[in-house]
Amino acid sequence: MGLSLRDTLIDEPAKRPHSRARLEPLPSICKVAILGFGTVGKAVTELLCCSPSLQLRLTHIYNRNVDRKRVPWVPSQVRWTDNFDEILASDVDVIVELVGGVRPAGDWVRQALCAGKSVVTANKHLIATEGDELLELARKANQRLLYGASVAGGVPVLCGLEQGLAGEKLFRLTGVLNGTCNYILSQMQNEVVSFTTALARAQEMGYAEADPSHDLGGFDASCKLTILARVGLGAQPRPQDVYSRSIEGVEAVDFECARKLGCTIRQVSLAELRGTQLYAAVQPALVPLASPLAQVKDNQNVLITAGVHGGETVFSGRGAGGGPTSVAVVSDLVSISRPESFLGSPNPRELKAYPLNHDLESPRYLRLRAPKDADISYAVSRVLSESGVSVHSVLQQSASGSMGSAPVMTLEPCRLSNLEVALERLQKLEHCFAKPLSLPIMN
Ligand SMILES: NC(=O)c1ccc[n+]([C@@H]2O[C@H](COP(=O)([O-])OP(=O)(O)OC[C@H]3O[C@@H](n4cnc5c(N)ncnc54)[C@H](OP(=O)(O)O)[C@@H]3O)[C@@H](O)[C@H]2O)c1
């Protein structure tokens, strides 16, 4: 849909079909259409079909080539269609977008809002990249756009931030937000398997997609962190602004060394306001074994919020899968059908564009790879000290094995910019035959 049609619909409310003021109660039965009959779409359908007390009535299911999607357990009154215009022209009150991706999902969300329908979505990619514009459009169209399932699946983190912690002044959000990475790292920790084996197991279990790069490289978690930073910190980063590092370089030996330090390794997402700057990163990091970040198992998620008045609050639970995610979707539907209980998403115009800073100081873990009989300790110390980085302790000089030796050390708190200079130089050392692995140590 082009801008002109959109603007026409918004500027001339009288022409909008089925338009209803956002905070006006919906009719006692709220009519719902689902776009996308995949993992989450099926689970939401099941929940709606078996929960008549919620006053939500599923009327349409939309999917491409819809005939192959039909299942006998959906009541016969529900209409299956592969024509989106049919849904737009119908009297449904809320459209649930469960297709995923930015296109065409974003266009459908716009058209739905302009047609006077509220929208619920589980689509983190869409909300992280176009959320501000879509929320503004929803406001202008007097409709609701809710996305509680887009972060941490079944764990109610967004409504926890928007409602439960509305009175708090939050300054830090730390979480394990990607179930695939958490499953892989938990397997490496508990079963002492290689990264490749753990990834293959995640794919067998259906936790990792055929192309897992968005999960492993941190893009999926960056989208979620972007949404959390907007809702919890009033900040406005974009997913591509988040500093991200892949978990792919982590090896079994890193877990052994982490254990000696009383830690394990997790993909940690962190957004923190420091003065007027925002720090936002998704990267593998050492976390103390006693921390909730370490205790989150398999494909679970956890979020720890830190506030000025109430200190830390922890949300945790199943972050993915049809069942948990469908609960979050249906909770948003209930919230739309009972608007009096709703506080609302932050107004995009009130969000601040904090300058981003990734150059924070933290203690670090450093592991190198060298031939078994090579002594690189002198060269490594020289590079580190010339880069302004000090060694705190040496964990192991070398560990024998088919992959050569693995000198491991911890570093005194140092700036990322200094460390990156050192890593670049270390990688070029004569006997260093793999990229050094450096992980921040969380406290
Ligand atoms: N799965 C989870 O655990 C989880 C958790 C939280 C959030 N989410 C989010 O929920 C959304 C849905 O995820 P999912 O796991 O349910 O995905 P999925 O299993 O791949 O389902 C997507 C459905 O949408 C249909 N579809 C895709 N592109 C379409 C198009 N262009 N036109 C019409 N239909 C189209 C697919 O049909 P085909 O069968 O023809 O491909 C499929 O039925 C995503 O935004 C995801 O990020 C998922």
If only one of GLU162, GLU130, GLU136, GLU168 is of a type in the set (D, E, K, R), touching a Lys or Arg at 6+ places or on another chain (Cβ under 8 Å) and in contact (Cβ under 8 Å) with a residue 24 or more places away in the chain, which one is it? GLU136
Among the candidates LEU145, LEU113, LEU161, single out the residue that is in the same structural domain as LEU228 (by TED's automatic domain parsing) and crowded, with 24+ Cβ neighbours inside 10 Å. LEU161
Looking at the range 267-290, which of the residues that are closer than 22 Å to ALA252 by Cβ and within 14 Å of the chain's Cα centre (by Cα) is surrounded by the most Cβ atoms within 10 Å (Cβ to Cβ)? GLN267
Kindly provide the set of residues from the range 154-183 that are away from the ligand (no atom under 16 Å from the Cβ) and assigned to a helix (DSSP H, G or I), ordered by number. GLY160, LEU161, GLU162, GLN163, GLY164
Quick one: in the range 125-153, of everything that is touching a Phe, Trp or Tyr at 6+ places or on another chain (Cβ under 8 Å) and not hydrophobic (A, V, I, L, M, F, W, C), which residue is nearest to the ligand (Cβ to nearest atom)? GLY131
Identity of the residue in the range 32-54, more than 9 Å from the ligand (Cβ to nearest atom) and assigned to a loop (DSSP other than H, G, I, E, B), that ends up nearest to VAL334 (Cα to Cα): SER51
Members of the range 55-66 that are more than 18 Å from ASP85 (Cβ to Cβ) and either within 16 Å of the ligand (Cβ to nearest atom) or among the aromatic types (Phe, Trp, Tyr) (or both): LEU58
Please list, ordered by first then second residue, the pairs with beta carbon atoms under 6 Å, 6 or more apart or interchain, first in the range 37-66 and farther than 13 Å from GLY100 by Cα, second among the small types (Gly, Ala, Ser) and within 11 Å of the ligand (Cβ to nearest atom). ALA43/GLY322; ALA43/GLY323; ALA43/SER326; VAL44/SER326; LEU47/SER326
Taking the conditions exactly as written (surrounded by fewer than 24 Cβ atoms within 10 Å (Cβ to Cβ) and not hydrophobic (A, V, I, L, M, F, W, C)), does ARG201 satisfy them or not? yes
Of (1) more than 25 Å from ALA320 (Cβ to Cβ); (2) part of a loop (DSSP other than H, G, I, E, B), VAL102 fails just (1)
Is there a residue in the range 247-255 that is under 18 Å from the mean Cα position of the chain (by Cα) and under 24 Å from VAL155 (Cβ atoms)? yes
In the set LYS372, LYS352, the lone residue that is in contact with a Gly (Cβ under 8 Å, 6 or more places away or on another chain), without any contact (Cβ under 8 Å) to a residue 40 or more places away in the chain and away from the ligand (no atom under 16 Å from the Cβ) is LYS372
Taking the range 298-321, which residues are buried (at least 18 other Cβ atoms within 10 Å of the Cβ), within 13 Å of the ligand (Cβ to nearest atom) and farther than 16 Å from CYS159 by Cβ? ASN299, GLN300, ARG318, ALA320
Looking at the range 68-93 only, could you name the residues that are without any contact (Cβ under 8 Å) to a residue 40 or more places away in the chain, within 23 Å of LYS117 (Cα to Cα) and aromatic (Phe, Trp, Tyr)? TRP80
So which residues in the range 363-380 are at pLDDT below 95 and hydroxyl-bearing (Ser, Thr, Tyr)? SER377, TYR378
Can you tell me which residue is nearest to VAL66 (Cα to Cα) among those in the range 83-122 that are of a type outside the set (A, V, I, L, M), within 13 Å of the ligand (Cβ to nearest atom) and in contact with a strand residue (DSSP E or B) (Cβ under 7 Å, 6 or more places away or on another chain)? PHE84
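The values are calculated or read from the model by the stated rules, or taken from the named source; none is laboratory data. Small disclaimer: the values here were computed from a predicted structure and weren't measured. FYI the Cβ positions are ideal-geometry reconstructions off the backbone, even for glycines, and counts take in every protein chain you see.
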